[in-house]
Amino acid sequence: MEQDLTDKSSAGADAEGMKSLRSALRVLMEFAGERQDFGVGELAERCKLSKSQVSKVLATFAEFGLLSQHVESRRYQAGARLFVLGSRYVTFDTLSRGAMPVMRDLVNKTGHSARLSVLDGDRVLYLLGIEGPLFVDTGWRAGTWLPVHSTSAGRVLLAFIDRERSQRLRVQQPLERISEFTVTEPAEIDRLIDQARAQGYSVQRGETTPGLGVISAPVFGRGPEAIGTLSLAFPSHAVTEEEEARMVVALHAAGRTLSQRVGCTVYPFGYGVAVTA
């Protein structure tokens with residue numbers, strides 16, 4: 001009987017500890033968004049936690065350098081050690097390591113900015129970027145999430161993942177209008193995804209940022225599903241349909257090279273063109 005009580009007490013303590021850990025991580029993940037800093041009260045409201053609990057969590061993260069607190073405003077922002085942790089992912093991730101030389105070569109060949117994106121939960125994560133000479137400041141930065149429905153990368157990923165999961169993501173996501181050109185009609189989004197599946201790429205112009213065009217192509221690993229996308233971002237007015245077609249050829253060549261580096265044996269698009277990196 002005594003042992004049973006001890007076990008139950010231990011289990012209760014473990015459950016309480018996991019609850020506290022989840023709450024702390026929920027607070028920390030708020031700093032992964034677009035906001036630069038937060039006050040204790042703001043985070044308490046957003047995370048539905050008490051101010052005292054949030055204050056203790058923030059102080060602990062600041063103690064370990066994951067967050068820093070401004071001396072005058074007393075507001076918290078991401079600390080240098082969060083960058084250290086994040087950089088380890090890019091350093092050791094096979095896809096990210098393989099992508100860098102391929103993306104540099106893609107920028108050199110096309111003159112446009114190259115991006116690597118992956119599906120993270122129900123959103124597209126813009127993971128890496130190399131800016132070309134025709135840089136357009138989109139407001140989107142590497143390490144930020146992008147909506148699935150309005151991005152060419154999102155449509156390519158939805159086209160080349162498990163169809164049941166793809167359909168689930170399509171119906172779960174709010175179809176927000178990011179610009180006046182954002183496609184929000186479900187039937188049209190389905191058509192664009194089917195088109196991406198058939199041709200191996202997707203193009204959007206002005207749907208996330210006025211004046212910006214983006215072409216994306218899939219990256220495959222050892223299995224049949226896409227594990228990421230390579231994209232070229234360009235000033236929409238500066239690229240004709242003929243030039244767009246040449247960029248697709250370059251993207252498929254780069255996509256094949258990167259896919260082969262991460263274990264893909266057959267890349268199904270753009271045969272006959274090779275990228276050296």
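Every read-out reported here was derived from the displayed coordinates using simple, explicitly stated rules and does not represent laboratory data. Everything quoted here is computed from the prediction, not taken from an experiment. Every residue, glycine as well, gets a Cβ built from its backbone with ideal geometry; the counts of neighbours run over all protein chains shown.
Assorted remarks:
- For the chain: relative contact order, % (alpha-carbon pairs under 8 angstrom, 6 or more apart): 15
- On the basis of the beta-carbon distance and an R0 of 25 Å, GLU185 and ASP122 show a calculated FRET efficiency of 0.80.
- Axial C-alpha extent at least 15 Å, average Kyte-Doolittle at least 0.5 - helices from the chain (DSSP): 80-92
- Selected from LEU128, LEU66, LEU192 as most flexible by GNM, with the chain as the system and alpha-carbon contacts under 10 Å: LEU66
- Here ASP14 and ARG222 are evaluated by their C-beta separation; at R0 = 30 Å the FRET efficiency comes out at 0.25.
- Where labels lie 7 Å past Cα in the beta-carbon direction, separation of ARG75 and THR91 in nm: 3.1
- Long-range amide H partners of ARG75 with built H, under 5 Å: HIS70
- 5 angstrom amide H check on THR144, placed H, neighbours 5+ away: TYR126
- Within a Gaussian network of the chain (alpha carbon springs, distance under 10 Å), most fluctuating of MET18, MET100, MET247: MET18
- Using bins of 10 Å that start at zero, the share of Cα-Cα pairs per bin across region 20-147 amounts to 11, 34, 30, 17, 7, 0, in whole %.
- Count of lysine pairs in the chain with Cα separation under 19 Å (8 or more residues apart, or interchain): 5
- Candidates LEU230, LEU212, LEU106, ranked by Gaussian network fluctuation over the chain, Cα under 10 Å, top entry: LEU212
- With a simple spin-label model that places each label point 7 Å from the Cα along the Cα-to-Cβ direction, the separation between ASP194 and SER50 comes to 5.6 nm.
- Sequence-distant residues sharing a close amide H with GLY211 (under 5 Å, placed H): GLY206
- Dipole moment magnitude, nearest 20 debye, the chain about Cα centre, only Lys, Arg, Asp, Glu C-beta charged: 420
- For semi-axes √(5λ) of the Cα gyration tensor in Å, calculated from these coordinates, the label among (1) 39, 22, 20; (2) 46, 21, 20; (3) 34, 24, 20: (1)
- Model label points for ALA142 and GLU244, set 7 angstrom from Cα along the Cα-to-Cβ axis, are 2.7 nm apart.
- Rounded to the nearest 5, the antiparallel percentage of DSSP beta bridges internal to the chain is 100%.
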